[in-house]
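What follows is a single structure, written as structure tokens, with notes after it.
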Amino acid sequence: MTRAGAFAGDIVRPKPRTTSERLVRAINKTPIHIALALIGLIWLAPTVGLLVTSFRPRGDIQSTGWWETIFTLRFTLENYEQVLTAQGGMLGAFVNSVLISVPSTILPLVLASGAAYAFSWLHFPLRDTLFLIVVALLMVPVQLAFIPLLNLFRPLGWTQGFLAIWLAHTAYALPFGIFLLRNFFITLPKDLIEAARIDGSSNIGIFRNIVVPLSVPAIAAYGIFQFLWVWNDLLMSLVFVQTGSNFPMTRQVQNLLGQYGTEWHLLAAGAFVLMAVPLIVFFSLQRYFVQGLLAGSVK
Amino acid sequence: MSVAPAPAVVPRPPDRLRSEGRNWSTLLFLGPAAVLLIVFLVYPTIYTIILSFNRGRRGEFSSWVGLKNYQDLLGNDPDFLDLSHFPPSGALFNNVLWIIFYVGFVLFLGLVVAVMATRVRYESIIKAIVFVPMAVAATALGIIWLFVYSPDPNIGLVNSILGVAHVGPISFLGDTAWVNAALIAVGVWGSVGFATVILSAAIKAIPTEIMEAARTDGANERQIFTRIIVPMVSLPMSVLAVTLIVNVIKLFDLIFVMTGGGPGSASRVVAFTMYQESFPSGQFGKGAAVAVVMLIILVPLMIFNLRRFRTAAVT
């Protein structure tokens, strides 16, 4: 995909010439407009409903539906206040999500691009066989790691901190990252890298000054994909984070659901705190985001 | 434009030195990743496969039981697979339901939205709207839809609409007859955008001459859809279908948040069973067997997709 905007449309049709032609075309398209409006509604209503609810006073939520808000128009920030502080604990969980996601993105990014460089531009014995093994590891679902890794991490106390989840996320991100980045690095012009080598550049120099700068789109797509993957993950944190004060937001929201299953003012606000960062990433880095997700679909 | 290799002016270092430097470089670039992969991926995988033939108390090798875990799972565990009545039930069968209905509806709706969207000016907006759920954690999707499905007609949109028609309220997630359909609907809602974006790109790759030629020959829109668009996107569709099946096998967060596998065990899926057997129940041998079953299902699917991926450009 080389398109500028990920969602850009580019089908050019001849412009209608006369008014009647325009009218006929509009009528022909009416069913499409209706169908798309309905789809837009079905895809927006659930999320918008929860967003509206997150700003409604608790009493209102229990007595009237969110779609009736237009008649009352009473909004409050109290739900967010409650969910972020003591009762909800989402502020601490937000910090934990950052503390989990940032190293779990940077570590695989650095290690995978290094390994991808070795697989694309260094010569060593069994290179292709080893790469094939990496690709094979891509197929292993994370469930195969749970039991042995817990046996390994628990006695060391690593599940009490963040080390266990950093390492687990990093290891499981590597095969995909190596695969993706190697496929990109290998397309870089060979002349450029050979020339740098002849000029006496070291491999670290070539990697830092040529390969990485030229691969920003691929690295960014992988980085965003990995960051959101970790940010949105619940399963790995269920297994590898075992201290309540270290829970990321996904687990905290899950806890709120267990404790206050019908307290929608808390759940709605909590869900939106959890969604905020991915939505900001989505709307600001749409292109890299979509590319990352499309590329990540093999994971 | 090809450039002839420039004659090397700089004297080359002696071969032995060069290859030594190279070995160090290889170690530096590949070493850290290799260590992590071996310790945290290769070793656990082998361990889990062996553990699946073991009773596996406390996740350790306690006593060898051969295929017993697999026999228990496939023959003696109605929560995993129950073929004694029709329709069958259990986690494995629920995954089959997911594969049929989730994959089917995502592909169908994805194609329909993609085709319709190319015909209107607000294409990018409608694609962004259906794509947004892809960005959001399954945990949040679960909360959104727990809210929509709420049996309280003052809270749940669906039961409120049904109430107008004097139906219900229906407890979609509390009723074994509804729960899988309700969950699959959420999955479909979450994934249509992904299919739309991929299929829309595929549709745009169809040469305009083909479309124009068909139109000049008097083909109507329906014929263009069934005779040109559908065959031309069948390859990306098949890749997409396999990707979606892989999603189904790995599906966990949504089920865990929305129903916890319930009511009873009605909405369990394979990945959920792996977690449930290993951690809350402490049956690590059985949990390991479920993980191996997942691996066995995934390998052929991933091989299919990786083959296709290798030929496709990434960015």
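Computed from the coordinates by the stated procedures, all read-outs in this text should not be read as laboratory data. All values reported here derive from a predicted model rather than from experimental measurement. Cβ: placed from backbone, ideal geometry, glycine included. Neighbour counts: every protein chain shown.
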On the basis of being more than 12 Å from chain B (Cβ to nearest Cβ), crowded, with 18+ Cβ neighbours inside 10 Å, in contact with a Phe, Trp or Tyr (Cβ under 8 Å, 6 or more places away or on another chain) and in a helix (DSSP H, G or I), does residue A:105 make the cut?
yes
Out of curiosity, is residue A:153 aromatic (Phe, Trp, Tyr), in a helix (DSSP H, G or I) and within 11 Å of chain B (Cβ to nearest Cβ)?
yes
Of the conditions (1) under 29 Å from residue A:255 (Cα atoms); (2) more than 16 Å from the chain's Cα centre (by Cα), residue B:136 satisfies every one except a single condition; which number is it?
(2)
Filter the stretch B:44-70 for residues that are more than 14 Å from residue A:145 (Cα to Cα) and under 27 Å from the mean Cα position of the chain (by Cα); the one that is nearest to the other protein chains (Cβ to nearest Cβ) is B:69
Within the stretch A:241-253, which residues are surrounded by fewer than 24 Cβ atoms within 10 Å (Cβ to Cβ) and within 30 Å of residue A:175 (Cα to Cα)?
A:241, A:242, A:243, A:246, A:247, A:251
Looking only at the stretch B:124-155, how many residues end up being without any contact (Cβ under 8 Å) to a residue 60 or more places away in the chain, buried (at least 24 other Cβ atoms within 10 Å of the Cβ) and more than 7 Å from every other protein chain (Cβ to nearest Cβ)?
1
Selection from the stretch A:43-60 of residues that are closer than 22 Å to residue A:261 by Cβ, more than 7 Å from chain B (Cβ to nearest Cβ) and hydrophobic (A, V, I, L, M, F, W, C)
A:51, A:52, A:55
What pairs come out if I take residues in the stretch B:49-64 that are free of Cβ contacts under 8 Å to residues at least 24 places away in the same chain and farther than 10 Å from residue B:288 by Cα and pair them with residues that are among the aromatic types (Phe, Trp, Tyr) and part of a loop (DSSP other than H, G, I, E, B) whose C-beta lies under 7 Å away, six or more apart or interchain?
B:64/B:53
Just checking: which of the helices (runs of 4 or more DSSP H) contained wholly in the stretch B:208-315 hold 3 or more residues that are within 8 Å of chain A (Cβ to nearest Cβ)?
B:234-250, B:253-258, B:270-278, B:284-311
